[in-house]
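Each remark here refers to the structure printed beneath this line.
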Amino acid sequence: MIGRMTSVRLGSAGLNVTDLARSIDFYRRVLGFDVLRRSAPGDRPWAHLGARDVVLLTLWQQAWAGFAVDRAGLHHLSFEVADVAALRAVEEMIRAAGVPLRDGPATAGASTATGQLFLHDPDGIRLEVYAEVGPPVDWSLPPACGFFEES
């Protein structure tokens, strides 16, 4: 196959947000991200967020309405943590910030072998934080995060 990508990893994600300051505050407080770089005052607002000088997320203030789940595009944005202890620490940060979790942590369900947390950012973008907790995921089964009701 010509042009096949044989060594691929997902890089950073870019999200359009309605209020950059509010989103920066959320991702710092709730998920512990650092602000690595941001636009100068007077420029079009954006920020690079991440950890240990690695950009994981770019926020662009260029949306006028919240996330729409009924349109093509992002289903959810997922972040992996090192282990279940790290997942529990993230859960504590989320709860301390007063952000509701969808279904709380799930562990070793019928279609997944991961511990997961699902939540929404201030614009309604669905987020997942997970840690591997068991054998590898059986990819022949439907994803655990698939079709879920919006709150």
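The values are calculated or read from the model by the stated rules, or taken from the named source; none is laboratory data. These numbers were taken from a predicted model, which means no experiment stands behind them. Cβ coordinates were reconstructed from backbone atoms using ideal geometry, including for glycine residues, and neighbour counts include every protein chain displayed. Just the protein is used for accessible areas: all its heavy atoms, side chains included, with ligands, DNA and RNA removed. Shrake-Rupley method; radii C 1.70, N 1.55, O 1.52, S 1.80 Å.
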Quiz item: Given a 1.4 Å probe, how much area per residue of segment 1-108 is accessible, in Å²?
Solution: 70 Å²
Self-check item: In Hz, Karplus ³J(HN,Hα) per residue of segment 61-71 (6.51, -1.76, 1.60; θ = phi - 60°; x = Gly, Pro)
Solution: 7, 8, 10, 10, 9, x, 4, 10, 6, 8, 10
Quiz item: What are the residues whose amide H is under 5 Å from the amide H of Phe79, where those residues sit 5 or more places off or on another chain and H is modelled from the backbone?
Solution: Glu128, Val129, Tyr130
Exercise. Convert each backbone phi in segment 25-40 into a coupling constant with the Karplus relation 6.51 cos²θ - 1.76 cosθ + 1.60 (shift: θ = phi - 60°), then list the ³J(HN,Hα) values in order as whole Hz, x for Gly and Pro.
Key: 4, 4, 5, 6, 5, 8, 10, x, 6, 9, 8, 8, 7, 8, 5, 6
Quiz item: Taking amide H positions as placed 1.01 Å from N in the peptide plane, with prolines and chain starts having none, which residues 5 or more places from Val17, or on another chain, fall under 5 Å of its amide H?
Solution: Trp60, Gln61, Gln62, Ala63
Practice problem: Roll a 1.4 angstrom probe over the protein heavy atoms and tell me the percent of accessible area of segment 10-94 that is carbon or sulfur. | Solution: 51 percent
Self-check item: Dipole in debye (nearest 20) - segment 9-97, about Cα centre, beta carbon charges: Lys, Arg +1; Asp, Glu -1
Solution: 160 debye
Quiz item: Could you give me the ³J(HN,Hα) list for segment 119-126, computed from phi with Karplus coefficients 6.51, -1.76, 1.60 and θ = phi - 60°, whole Hz, x at Gly and Pro?
Solution: 8, 10, 7, x, 9, x, 6, 6
Practice problem: Could you please report the charge total around Ala82, scoring K, R as +1 and D, E as -1 over all other residues with beta-carbon less than 15 angstrom from its beta-carbon? | Solution: -2
Quiz item: How big is segment 1-76 by the Kirkwood estimate over distinct Cα pairs, in Å?
Solution: 14.1 Å
Quiz item: In terms of modelled amide H atoms, which long-range or inter-chain residues lie less than 5 Å from the amide H of Arg38?
Solution: His48
